[in-house]
Amino acid sequence: MAADTQTDARQIVRFLGLTAILAVLALVVVLALIVGTERHGRTGLPHQVLLQHQLAKLEQPVPHTVFLGDRSLGNAISAAEWQELSGESTANLALTGAYGYGGTYAMLLRVLKHGRPRLVVIMQTAEMPLRPDSEDAFAALAPRDDVLTARLGEVWASLNFDELEASVRYLLRRLLPTSLLPPAQAQRTLANDYIQQGPPRPPPVEPAPLDAAAIDPAKLNYLRDIVATCRDESLDCVFATVRWPAPGVSVPRPTSRP
């Protein structure tokens, strides 16, 4: 009986070991596919193109006024127009809603790593508290002194289904005749200092009023961190958002990352 138990235990250990090895191999293959196609010319996903565009602005001296937030900001504020009207240097560092409060907080820390703006305007879409948590966004964007750690964070952030799908599509288009493949999706490019927007979404069929019970208090932790940083660094921070619609006017909850 004891011998049978030992045999079963060894088989379980072998099975777990084999499963772990296969999982590591699969991870290596996915990583090689994503990184390899990127280095051979694969165009980045829209949010990546936007991110690199915004991070490049931090290579310049930190301006007087910095705008941080998501596409509710990116589509609403012209940094060039604001600079002309105010007479002060201005930069719009808006990302997309996929980065959430965590991405905005990370961008604020990146700005402070390069200098101190006189005015920080933070604008997020009204339904942001209802969206999924943004810990991954913060982990990927938070500034790090260790270059290797920062690069590993970027690589880890790229391990997602969207990246894998784009890599497979790129590889198939390089290997197979065009006639065997579906039409390529139009690539979004930068326009008006922000990522080019897709076609307007149809209005929702049913209203989705703001429900306080749907807000996860933990979701607001990064927002609290932003407030604390503004206070601790004696920054002049202004928080803005679009007004939540009146009763009977619905706002669709996002079904996918923008």
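The values are calculated or read from the model by the stated rules, or taken from the named source; none is laboratory data. Fair warning: this is a prediction, and the values are worked out from it, not measured in the lab. Here Cβ is always computed from backbone atoms with ideal geometry, including for glycine, and neighbour counts include all displayed protein chains. Please note that ligands, DNA and RNA were not included when accessible areas were found on the heavy atoms of the full protein model with its side chains. Shrake-Rupley method; radii C 1.70, N 1.55, O 1.52, S 1.80 Å.
To the nearest 10 square angstrom, how much accessible area does F239 have with a 1.4 angstrom probe?
My reading of the accessible area for F239 is about 100 Å².
Counting only protein chains, not ligands or nucleic acids, how are K113, K57, K219 ordered by accessible area (probe 1.4 Å), most first? Provide the component values of the computation, followed by the final result.
On the way: K113 110, K57 45, K219 5 Å².
Putting K113, K57, K219 in descending order of accessible area: K113, K57, K219.
Give me the percent of Cα-Cα pairs in the stretch 1-95 that sit more than 16 Å apart, rounded to a whole number.
Details: 3244 of 4465 pairs.
Of all Cα-Cα pairs in the stretch 1-95, 73 percent lie more than 16 Å apart.
So, counting K/R as plus one and D/E as minus one, what does the shell of residues with Cβ under 13 Å around V62 add up to?
Working: positive: K57, R110, K113, R116, R118; negative: E59, E88, E233.
Around V62, the surrounding residues sum to +2.
Could you pull the accessible area for Y170 with a 1.4 Å probe, rounded to 10 Å²?
Spelled out: Y170, probe radius 1.4 Å, area about 50 Å².
Check which residues have an amide H placed less than 5 Å from A240's amide H, if you skip close sequence neighbours.
Those lying under 5 Å, H to H, from A240 are I122, M123, Q124.
If you take the charge dipole of the stretch 39-141 about its Cα centre, with +1 on Lys and Arg Cβ and -1 on Asp and Glu Cβ, which of V62, L130, A76 is farthest toward its positive end?
V62
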